[in-house]
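Undergrad: What follows is a structure written as structure tokens; I'll ask about it next.
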Amino acid sequence: MSQAYEISHLLAGVMLVTSFALLYQERVAAVLNAFAAQSITLALAVAWSAWSDNRPDLFITALIALTLKGIVIPVALHRTVARLGIHREVEKVVGVGVALMVGLALTGLAQALVLKVAAGMASHAREELALALAIILLGFLMMIVRRNAVTQVVGFMSMENGLILAATGARGMPLVVEVSVAFSVLISLFVFAVFVFRIRERFDTVDLEALDRMRGDRR
Amino acid sequence: MPGLYVSGVALGALAIGAAMASLVRGPALAFVYPLSALAAVVLGVVDLQVLLSGSEAAIRLPIGLPTIGFHLRLDTLSAFFGIVINGGVVAASLYGMGFDRAKELTPRVEPLFPLFAAAMNLVLIADDAYAFLFSWELMSLASWALVVARHTDPECRRAAHLYLVMAAIGTVALLFAFGGLAGPAGGYAFDTVRAHRPQPMVAALVLTAALVGCGSKGGLIPLHAWLPLAHPAAPSHVSALMSGVMTKVAIYGFVRIAFDLLGPPDWWWALPPIVLGAMTAVLGLLYAVLDRDLKRVLAYSTIENIGVIFVALGLALAFSANAQHEAAAVAMAAALLHVLNHSWFKSLLFLGAGAILHATGRRDLDGLGGLIRRMPRTAAFFLVGALAISALPPLNGFVSEWLLFQAVIAAPALPQAALHFASPAIGAMLALAAALAAACFVRVYGTAFLGRPRSAEAAGAHDVPLAQQAAMGGLAFLCILGGLMGSVLAAALAPVLHKLVGGALPGPGSGPTPFSLIAFDPARSIYDAPVIALFVAIASLTTLIVVHRLSERRTRRGPAWDCGFPDPSPATQYTASSFAQPLRRVYGAAAFAARETVVMPPPGDIRPARFSVVVVDHLWRVFYAAPGQAVLGLSECLNVLQFLTIRRYLVLMFVTLVILLSIAAVTT
């Protein structure tokens, strides 16, 4: 049985590594690929818990993650990027080194927090929760260290991946919740997409700095 | 039950009258005042009957909040304040009946008048926190709408705005007071509140909140700033209601909370009302003496009287806490009688000010003068009011002030050192206030009615219509009657005094005459108004006769001496400002940092010399301007947050999240 936990930890760990990869990628296409990798790993992790814990409803969750986040959304974003012609380097607010250091600190914080707060839980569930929290925080961090609207969308989706991983780890989360989470993600993606296109139409760029300039902000 | 039934009916009639008046325009507005007067008379009679018979009536209406309902109760305390209020409403309505139908009735004022009156009555019979706050807010909003009726005047708008803000602060404070009274169980009906006694800390909170809530409505310093602006801004008969009557509703609220709902008092409860009240009394009159606007002077004098009443209430709390029931009854009787008396003479004075405003169109004292010849009846009534408010015997103001000083004199018998030593200081401040009140009204009366007119409007003044004279005359009659029959009034208060402080004054029967007012015992504290009135009358008549008999009546011829009037210009007369100058020099320098500067042109220059006075209102600066500045500064700082970029908002959220998570990680 412990082998099952080892494998699910491995998959969660791979997701965390892809989160770090998301932080240091410099090109939009690479960011999207890293995100697709993370989503596919998520689908694998969810499928593995569905199989090992004998909870067939989680297969649906895995399927949703795989099709929507692993394939449809990255492909759609790839096409958008290609159409808008923005596959150049993404401007960052802080350097890669700093972002990675902060990410490391956040991972440490997530570990320390979960190990303390969830002291009563079984150790394997605790580990998984800590990894999920670290992924969520890294997704948030990605949203604030990038200036590009597309990469912000990706950061947001990455947070969502962390949430679903946490939900899988927490036993007894009903399918309805997962479906609603998935739909909320879908809807927010649409909103983001609409915004991206509107920004593009108006400013000929998806760099958020254009928005700031429009409002007369100075940095 | 019958009492409340009639009350309910009359209240309903008032409300329907308001609704109809707001629907019907034009000539129908003229029916507002007769109907209001009628309803107020009915309510007043019911109140009187309840006060005299001591029977209480309660009812629970199935409106309001679902589980609480709307409790109403008419007990003797409500009935007493009901008499005060409905008396004022009758006088103001009578005054309103004298308005010119074509010119002076507006749909901005008349429909709200009965609403305001009904709301004040409703506050008195409210028997749960919800009903109380609802009616209290209704009263505030109705009076606010009356203040803002002349909204084209920026001064009015400013007054109304300040009033609204202060009313909101007061209601929030009362909300806290009732929250504290209800306790954790949340029993908001007054019966449930009476049943349990709050912890000392909760009692302190409730008392503070009640002082803020009721004090802001009554004009307790430093919550007074709106009052001298808002009361004069309303039409004069509404000013009379606001100043003479609505401030009494504030007193009622404090009495209800401190003496009835909060349970047996502790001695330290007495300190805040006494100290704030004494400060209010002195400062209110200093403001009044220095102001030159007739209605504003009256409003400041209202503040002073509220201070006096709060001192009396504080003393009643102190005596009550020490189980000195006779002394507590004296202090409480002083407070309640002053409530009644002030409602009469302040309404009278405001109606008089309204008559002057109507006749001359002016409120500035330095533009009036000589009105005693042009408005003889108003002058006579105003004189009665001015004498009464200056607490001269045998008028009614003296009765309550006398009782108050009896209570102050008894205060050194209190065991607590703080009260023991404070009482002489309080007595001195009250005496100062009384002297300043006399000076203030000598100044008002002398400037407005005596001398020669200082403006063309004052010279062309004429007396007001009969209904308005009747309103003032009735109040003047009450002031005289209340002075002579003070002992009867005090005896009628006995059920209220028993209910609030568990004691009463010795009845009038134990004195030498049927109308002796006795505070403690006939040997050392007795006031016999009719005897004093008789003595005053005999002495004055004798003096008059003697002077006329003994003085030389033969016409003499002598050299022209100008009779002291070398210059016929009325500008050479003593003015309100010049009358106030000595007082301003003595007290103003300390209280208001008053500075006088004289700019004298050099010899040969034909420019006139300039005299100017700068007065700084410290209270406004400290309690209003400074907090206002602080709030503005803070919002300027926070304003930056309104214009961040999306990414920075995200950073803020993220940093907050990380900090909270770190705290959770460290503390667990």
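The values are calculated or read from the model by the stated rules, or taken from the named source; none is laboratory data. Note that this is a predicted model, so its numbers are computed, not measured. In this analysis, Cβ positions are derived from the backbone assuming ideal geometry, glycine residues included, and neighbour counts consider all displayed protein chains. Remember, those area values only see protein heavy atoms, side chains included, never the ligands or the DNA or RNA. Shrake-Rupley method; radii C 1.70, N 1.55, O 1.52, S 1.80 Å.
Undergrad: Let me make sure I get this right: for region B:619-667, a, b and c are the square roots of the gyration tensor eigenvalues over alpha carbons, sorted descending. Under 1.5 in a/c it's rounded, otherwise prolate if a/b > b/c, else oblate. Which is it?
TA: Details: a/c = 9.06, a/b = 1.92, b/c = 4.71.
Judged from the Cα gyration tensor, region B:619-667 comes out oblate (a/c at least 1.5, b/c at or above a/b).
Undergrad: Computing the accessible area with a 1.4 Å probe over protein heavy atoms, can you report the carbon and sulfur percentage for region B:1-200? Don't skip to the answer; put the middle values down first.
TA: Details: 6180 of 8660 Å².
Exposed carbon and sulfur together represent 71 percent of the surface.
Undergrad: What residues qualify as long-range amide H neighbours of B:Phe70, i.e. H under 5 Å apart, gap of 5 or more or another chain, H built at 1.01 Å from N?
TA: Those qualifying (amide H under 5 Å, at least 5 residues apart or on another chain) are B:Leu61, B:Ile63.
Undergrad: Here's another thing I want to ask about it. What nm distance separates the two modelled labels at B:Val655 and A:Leu100, each placed 7 Å from Cα along Cα→Cβ?
TA: Calculated label separation equals 2.6 nm.
Undergrad: Under the √(5λ) rule applied to the eigenvalues of the Cα gyration tensor, what semi-axes describe the equivalent ellipsoid of region B:168-215? Give them in Å, descending. Before the final figure, lay out the partial values.
TA: Working: eigenvalues 64, 27, 13 Å².
In descending order, the three semi-axes are 18, 12, 8 Å.
Undergrad: A further question on this structure: Need the C-alpha centroid separation for region B:437-464 versus region B:576-649, integer Å.
TA: 30
Undergrad: Could you order A:Leu44, A:Leu113 so the one with the most accessible surface comes first? Probe is 1.4 Å. Could you put the intermediate results ahead of the total?
TA: Numbers: A:Leu44 100, A:Leu113 15 Å².
My answer, sorted largest first, is A:Leu44, A:Leu113.
Undergrad: Suppose each label sits 7 Å from its Cα in the direction of the beta carbon; what would the B:Phe31-A:Val17 distance come out to in nanometres?
TA: 9.1
Undergrad: Count the net charge of all other residues whose Cβ sits under 15 Å from the Cβ of B:Leu220, scoring Lys and Arg as +1 and Asp and Glu as -1.
TA: Cβ neighbours under 15 Å give a net charge of +1.
Undergrad: Let me ask something else. Just the number please: accessible area per residue for the protein assembly as shown, 1.4 Å probe, all protein chains included, in Å².
TA: Numbers: 38530 Å² over 887 residues.
Normalised by residue count, the accessible surface of the protein assembly as shown is 43 Å².
Undergrad: With loop defined by DSSP as not H, G, I, E or B, and exposure as at most 13 other Cβ atoms within 10 Å, which is the longest segment of chain B clear of exposed trypsin sites (Lys or Arg not before Pro)?
TA: Working: sites that count: B:Arg25, B:Arg101, B:Lys103, B:Arg524, B:Arg553, B:Arg554, B:Arg556, B:Arg557.
Of all site-free stretches, the longest is B:104-523.
Undergrad: Taking the Cα centre of region A:1-151 as origin and charging only Cβ (+1 Lys, Arg; -1 Asp, Glu), how large is the dipole, in debye to the nearest 20?
TA: Here the size comes out at about 520 debye.
Undergrad: Interface A/B, total buried accessible area with a 1.4 Å probe, nearest 100 Å²? Write down the numbers at each step before the final one.
TA: Details: alone 11080 and 29100 Å², together 38530 Å².
So the total buried area for this chain pair works out to about 1700 Å².
Undergrad: Using every pair of alpha-carbon atoms in region B:1-200, split the distances into 10 Å bins beginning at 0 and state the percent of pairs per bin, rounded to integers.
TA: Taking all Cα pairs of region B:1-200, the binned fractions are 9, 31, 34, 20, 6, 1 percent.
Undergrad: Further, regarding this structure: Just going by the charge dipole of the protein assembly as shown, with Lys and Arg at +1 and Asp and Glu at -1 on Cβ, which of A:Ser188, B:Phe441, B:Ser400 is farthest out on the positive end?
TA: Highest projection toward the positive end goes to B:Phe441.
Undergrad: For chain B, give the magnitude of the charge dipole about the Cα centre (Cβ charges: +1 Lys/Arg, -1 Asp/Glu; no others), in debye to the nearest 20. Before the final figure, lay out the partial values.
TA: On the way: 41 positive and 32 negative charges, 292 e Å.
Charge dipole, chain B, about its Cα centre: 1400 debye, nearest 20.
Undergrad: Could you tell me the largest-minus-smallest coordinate of the C-alpha atoms of the protein assembly as shown on each of the three principal axes, in descending order and whole angstroms?
TA: 129, 77, 60
Undergrad: Starting from the alpha-carbon convex hull of region B:198-280, give the projected area averaged over all orientations, in nm².
TA: Numbers: hull surface 21.5 nm².
Quarter of the Cα hull surface area: 5.4 nm².
Undergrad: Rank B:Ile659, B:Ile409 by accessible area, highest first, at a 1.4 Å probe radius?
TA: Correct descending sequence by accessible area is B:Ile409, B:Ile659.
Undergrad: Would you please give the FRET efficiency between B:Arg377 and B:Gln199, computed as 1/(1 + (r/R0)^6) with r the Cβ-Cβ distance and R0 = 41 Å, to the nearest 0.05? Before the final figure, lay out each step's value.
TA: Details: r = 58 Å, r/R0 = 1.40.
According to the calculation, E is roughly 0.10.
Undergrad: Just report the Cα centroid separation between region B:83-136 and region B:335-405, whole Å.
TA: 22
Undergrad: Let me ask another. Based on DSSP H runs of at least 4 residues, each adding -39500 (n - 2.57), what is the mean residue ellipticity at 222 nm of chain B after dividing by all its residues, to the nearest 500 deg cm²/dmol? Please list the in-between numbers first.
TA: Values: 26 runs with 429 residues, N = 668.
Result for chain B, helices only: -21500 deg cm²/dmol.
Undergrad: Of A:Phe20, B:Leu638, B:Ala461, which is farthest towards the positive pole of the protein assembly as shown's charge dipole, taken about the Cα centre with +1 and -1 on the beta-carbons of Lys, Arg and Asp, Glu respectively?
TA: B:Ala461
Undergrad: For chain B, what is the per residue volume of the convex hull drawn over the alpha-carbon atoms, in cubic angstrom? Provide the component values of the computation, followed by the final result.
TA: Values: hull volume 155.1 nm³, N = 668.
About 232 Å³ per residue, rounded to a whole number.
Undergrad: Taking A:Lys92 as the anchor, which lysines have their alpha carbon closer than 26 Å to its alpha carbon, excluding any fewer than eight residues away along the same chain?
TA: Output for A:Lys92: A:Lys69.
Undergrad: I need the shape label for region A:41-141. Rule: rounded when a/c is under 1.5, else prolate if a/b > b/c, else oblate, with a, b, c from the alpha carbon gyration tensor.
TA: The shape class here is oblate.
Undergrad: If each of A:Ser123 and B:Ala425 carries a label point 7 Å out from its Cα toward its Cβ, how far apart are those two points in nm?
TA: Roughly 7.2 nm, to one decimal.
Undergrad: Hand me the tally of lysine pairs in chain B: alpha carbons under 27 angstrom apart, and the pair either on different chains or 8 or more positions apart.
TA: 10
Undergrad: Any idea of B:Glu401's accessible area? Nearest 10 Å², probe 1.4 Å.
TA: Accessible area, nearest 10 Å²: 20 Å².
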